[in-house]
Structure formats: C-alpha cells, structure tokens
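Take a look at the structure set out below.
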Number of protein chains: 2
Amino acid sequence: MSRTAKPPEQRSTAPSRDIIGRGPSLADTLALRLKDEIVSGRLRPGEKLATEQQISETYGVSRPTVREAIGRLKHDGLVITRQGAGAFVADPGAVSVFRLDIADFSNREEIRNIVELLMAVEATATEHAAVRRTKGELKAIEAQLRAMQAAVDRGETGVDEDVAFHRSIVEATGNPFFRDLSDFLDRRVRNFIRTARSNTARIGGMAQAVQAEHQAIFDAIVRKDAAAARAAAENHLRNAASRLALYLER
Amino acid sequence: MSRTAKPPEQRSTAPSRDIIGRGPSLADTLALRLKDEIVSGRLRPGEKLATEQQISETYGVSRPTVREAIGRLKHDGLVITRQGAGAFVADPGAVSVFRLDIADFSNREEIRNIVELLMAVEATATEHAAVRRTKGELKAIEAQLRAMQAAVDRGETGVDEDVAFHRSIVEATGNPFFRDLSDFLDRRVRNFIRTARSNTARIGGMAQAVQAEHQAIFDAIVRKDAAAARAAAENHLRNAASRLALYLER
DNA sequence: ATAACCAAGTTGCCTGACAAGTAGGAAATT
DNA sequence: AATTTCCTACTTGTCAGGCAACTTGGTTAT
C-alpha cells in the first residue's frame with residue numbers, strides 16, 4: 001500500500017540549520033508593518049487605512065497580497081472593513097481577540113515567563129476544580145491518576161498520562177478559558193522538554209515523585225478543599241519547574 | 001456606460017455557494033470549516049490538506065479565497081505550508097500561537113468565565129509585582145494611585161486612572177505575558193461595563209471604596225509582602241466582581 | 001546499483017476584471 | 001432656497017487565468 005501522507009519534517013522549536021520555516025511571505029511582512037502602524041499609534045482608532053490600491057503602490061506588492069495582510073489584521077480584530085467604504089482601525093476596547101504568541105521558545109527568559117503564567121493559571125484552575133467538580137469529573141480524574149500509576153509501574157515515563165491527568169482537572173473547572181489556555185501552555189512546555197532532552201531521563205525516582213504530588217492534588221479535590229488543592233498544585237508546579245530547570249542546566 | 005450587466009450564466013462553474021452559507025465573508029467561513037476539520041481530529045497532525053485546487057472545487061470558491069482561508073490557519077499556527085509540497089496540519093505541541101476569542105460577550109456565563117480568568121491572572125501578577133518591583137516602578141504605581149485619588153476628589157469616576165493603576169502594577173511583574181493578557185482582559189471587561197451602563201452610576205461612595213482597596217494593594221507592594229499583596233488584590237477583584245454583578249442585575 | 005535528471009504537481013504571487021456596497025455631489029422637485 | 005432623489009466615482013469582495021519557484025517520484029544514464 002502506498003502512503004499518501006509524508007512526514008512533514010516539521011521544524012519544532014529546536015534550532016535547526018534553518019530559521020523557522022521559510023522566510024516570511026510578503027503578506028507576512030506587510031501585515032507586520034501595518035500592525036506596527038496601528039499599535040504604535042500612528043493610525044488612531046476609527047481612522048481609515050489607505051485603500052488597498054494605495055497600499056499596493058506604496059509597498060510595491062499586488063492587491064491580493066495587500067488583501068491577505070489586511071485579512072490577518074481583520075482576523076485578529078485590529079481592523080474592521082466595510083465593503084465600499086474602506087478599512088478602519090478598530091477600537092482597542094472592542095477587540096475581542098487576544099493572541100498569545102510564543103515567538104522565541106529557545107529564549108531562556110521567555111520560557112521562565114511562560115512557565116510562570118502556566119503556574120498561575122493551573123494553580124487557580126485546580127483550586128476551582130476542587131470545589132466544582134461533579135462526581136463524574138472526579139471519577140475521570142481518578143481514572144487518569146490510576147492510568148499514570150500503571151504507566152509508572154510499567155517503567156514508562158507516563159508523560160501522556162500526566163498530561164491527561166492535568167487536563168481532566170482543568171476540564172472540571174467548567175471554564176473553557178482556563179481549559180484552553182492551560183492546555184496550550186501545558187502542551188507547549190512539555191513539547192519543549194520533549195525536544196530538549198530525552199524523556200527517559202525522567203525515569204529514576206522522578207516519576208514516583210510526580211505521582212506522589214498528583215496524589216496530594218487528587219486527595220484535596222476529593223475533599224473539595226480549595227486551599228489544599230491550590231497548595232498541592234503550587235507545590236507540584238514548583239517542583240515541575242525545578243525538574244525543568246534540571247533539563248535546561250545541561 | 002461600460003457597466004452593462006452580463007448574463008449571469010457565466011457563474012455556472014461555481015457549484016452553488018450555499019455549501020458554505022453566507023457568513024461574514026467566504027474566506028471567514030471557509031477558514032472556520034477547515035479549522036473544524038483540524039480540531040475535530042478528522043485531519044490528524046502531519047497529514048496533508050487537500051490542494052488549494054481541490055478545496056476550491058469542493059467548497060465552490062475561487063483559489064484566492066481558499067488561499068486567504070489557509071493563510072489564516074497558517075497565521076494561527078494550525079497548518080504549515082511548503083511551496084511545492086502542500087499544506088500540512090501542524091503538530092499541536094509545536095503550535096506557538098494561542099487565540100483567546102471572546103465570541104459572545106453578552107452571554108452572562110462567558111462574562112463570568114472571563115472575569116474569573118482576569119482575577120486569577122491579576123491576583124498572581126500583583127503577588128509577583130510586590131516582590132519584583134523596582135523603586136522606579138513603585139514610584140509609577142504611587143503616581144497612578146495619587147492620580148486616581150485626585151480624580152475621585154474631583155468627583156469623577158476615575159475609570160481611566162483605575163486602569164492605569166492596574167496597568168502599572170502588572171507592568172512591574174516584568175512578565176510581558178501577564179501584562180498583555182491582563183491588559184486585554186481588563187480592557188474588555190471595562191469596555192463592557194462602559195457600554196452596559198453609564199459610568200456615573202459608580203459615583204456615590206463606590207469610588208472611595210475602590211480607592212481604599214487600591215491603597216491596601218499599594219501598601220503591600222511597598223512592604224514587598226507577596227501574600228498580603230495577593231490577598232488585597234483578591235479582595236479588590238472580588239469586590240469589583242460584585243460591583244459588576246450589580247450593574248448586570250438590572 | 002547508484003546517481004543525475006526530468007516532468008507533473010503544488011504553492012507563491014501577479015495582472016486584470018467584474019460585482020456589491022458606500023458616500024458625496026449634481027439634478028430634480030417642492 | 002431648501003429638500004429629496006438619483007447618479008457616479010470610489011472601495012472592498014470575489015473570480016479567472018497565468019507564470020515562477022519549489023517539491024516529489026519515477027525515469028534514464030552512468
């Protein structure tokens with residue numbers, strides 16, 4: 001049988017010989033320029049952008065390319081267009097889209113900042129989950145905890161089960177914003193670890209330590225003890241950050 | 001007049017655009033469709049998307065429109081394109097862009113969720129700011145506190161000064177993610193209040209209460225007392241949420 | 001068997017055109 | 001003279017077709 005999908009040789013954050021992806025497209029750079037015009041304040045809210053024709057001439061690109069660039073700003077809520085009238089800078093207070101862009105994940109400080117945000121979100125999420133979880137959600141959390149234990153017992157790293165455990169908790173907050181943001185940050189950080197160092201480095205007591213911390217979180221959730229849940233989550237995240245630092249050291 | 005109409009029969013190649021429906025724009029709706037294919041898991045990471053030509057025929061839109069839609073997915077990090085090869089679904093772990101989309105801000109529950117996230121982010125930010133603030137940043141925070149007091153004394157609502165006060169705090173965390181996210185949520189919520197009800201409703205003791213809570217936060221930051229700073233911020237945010245609920249009640 | 005090469009396929013970008021909608025001024029009416 | 005109606009230029013939304021740059025897999029030459 002023939003394979004239709006080829007491995008996309010995806011460039012992750014690991015700095016290969018090539019810079020990230022290709023060189024940015026024309027629309028990419030143009031979008032950045034226009035965005036700069038807005039955030040810098042040279043174009044004020046409500047003000048009308050130049051017409052596509054004018055921008056096209058100014059920057060020496062075709063109209064479709066200009067449209068692509070403006071389309072992104074529109075997608076990000078920075079401008080609104082009205083057919084026949086033009087494109088206008090949106091009111092900052094009415095912008096309903098927030099973009100969290102981790103541009104440079106090899107930057108040490110950026111990692112620190114991301115982890116810090118992750119800790120804040122997940123600690124609070126765990127606190128809320130402890131109070132709000134339904135019986136069904138509690139069962140789901142327990143199942144993930146058991147699955148993690150089973151993986152550890154088999155001598156595996158249990159990274160996937162670890163992710164699933166945390167995900168089942170943030171799910172129990174009932175707040176999709178917590179869930180999605182936590183999910184994103186978690187995946188991002190873990191993916192970094194995965195590429196930075198082999199997961200096998202985790203075996204050797206670490207998995208057991210992680211599991212013990214998980215158990216503490218779970219116990220607090222069972223008791224619906226918000227304060228204890230937060231404390232346990234903070235402790236776990238602090239330790240996780242230390243383990244991450246271990247990976248980074250060498 | 002060169003604008004004479006032509007027989008509409010030439011559209012025959014397009015197989016009824018009803019497939020997509022008439023949303024905001026063809027590219028908009030198409031982008032949503034394709035995004036759904038990815039997040040739902042029908043298209044797995046690494047898998048190749050249909051060619052622009054095929055998508056164009058499937059959905060009955062032109063290739064430029066398809067390009068615009070794919071361009072957005074690319075912008076959001078969901079797909080990666082390689083000239084000559086095709087477009088591929090990105091590895092979720094490698095996605096470096098997070099979109100927080102407040103679709104329906106009139107939904108009561110969505111407001112609650114957003115405020116909850118705001119509280120989590122800003123309470124932690126205040127805690128960090130208390131420990132890390134430089135002398136210069138402390139001066140800036142104090143200046144905003146004074147400006148707010150002056151506004152209140154003049155009988156104004158001091159909403160703008162209020163925003164500036166919080167902004168100077170999250171700035172002192174030294175973490176741009178906290179700053180930007182807090183800034184966005186704050187603006188969004190306040191803008192909602194602004195439109196939901198006249199700001200003058202705030203006058204009448206409320207401003208003084210707000211100011212007292214601000215003072216408590218500031219005092220804790222002066223002492224570099226992280227726990228007290230968090231407690232004061234949580235108290236302030238809880239009260240602010242109550243005041244917001246007051247607006248919403250009627 | 002291995003390496004060089006070629007042709008089909010795909011994305012990136014362009015030009016040109018028309019449809020749909022907007023806004024301001026000219027023309028008609030009161 | 002003031003008001004309403006209508007027309008026209010302008011702008012965005014969409015389409016069609018085409019060429020260049022690049023990838024891929026099979027074919028040919030060594």
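Per residue, the Cα convex hull of region B:78-217 amounts to 156 Å³.
Output the pairs from A:35/A:74; A:74/B:74; B:48/B:74; A:48/B:35; A:224/B:224 with a Cα-Cα distance over 21 Å in this structure; if there are none, say none. Kindly include the intermediate steps, with their values, before the conclusion.
Values: A:35/A:74 11 Å; A:74/B:74 15 Å; B:48/B:74 13 Å; A:48/B:35 30 Å; A:224/B:224 32 Å.
The answer is A:48/B:35; A:224/B:224.
Ranked by the mean number of other Cβ atoms within 10 Å per residue, highest first, peptides B:76-89, A:83-96, B:116-129 order as B:116-129, B:76-89, A:83-96. Close amide H pairs (under 5 Å, H built 1.01 Å from N) link residue B:157 with no residue at least 5 positions away or on another chain. Take every pair of alpha-carbon atoms less than 8 Å apart whose residues are at least six positions apart; their mean separation over the length of region A:108-249 yields a relative contact order of 37 percent. Volume per residue of the convex hull around the Cα atoms, evaluated for region A:26-92, comes out as 76 Å³. Comparing the full protein assembly with the isolated chain (1.4 Å probe, heavy atoms, ligands and nucleic acids excluded), the residues of region A:75-116 losing at least 50 square angstrom of accessible area are A:75, A:93, A:96, A:98, A:99, A:100, A:113, A:116.
Could you check how much of the accessible area of region A:26-92 is carbon and sulfur, as a whole percent, using a 1.4 Å probe?
Values: 1940 of 3830 Å².
Its accessible area is 51 percent carbon and sulfur atoms.
For residue A:134, inter-copy separations between label points set 7 Å beyond Cα along the Cβ vector come to 5.1 nm, shortest first. Shown in residue order for region A:57-74 are the 3J(HN,Hα) couplings computed by the Karplus curve 6.51 cos²θ - 1.76 cosθ + 1.60 at θ = phi - 60°: 6, 4, 9, x, 10, 7, 5, x, 5, 4, 4, 4, 5, 5, x, 5, 4, 5 Hz (x for Gly and Pro). Short-range pairs are left out: with C-alpha atoms under 8 Å and at least six residues apart, the relative contact order of region B:25-103 is 34 percent.
Per the accessible-area calculation with a 1.4 Å probe, the total area buried between chain A and chain B rounds to 4600 Å².
In nanometres and ascending order, the distances from the residue B:155 label point to those of the other copies are 8.1 (point 7 Å from Cα along Cα→Cβ).
Placing a label point 7 Å from Cα along the Cα-to-Cβ direction at residue B:224 gives distances to the equivalent points in the other copies of 4.2 nm, listed shortest first.
The values are calculated or read from the model by the stated rules, or taken from the named source; none is laboratory data. Predicted model only: the values in this text are computed from it and were never measured. Here the Cβ is made from the backbone with ideal geometry for all residues, glycine too, and neighbour counts use every protein chain on show. Surface areas here come from the heavy atoms of the whole protein model, side chains and all, with no ligands, DNA or RNA. Shrake-Rupley method; radii C 1.70, N 1.55, O 1.52, S 1.80 Å.
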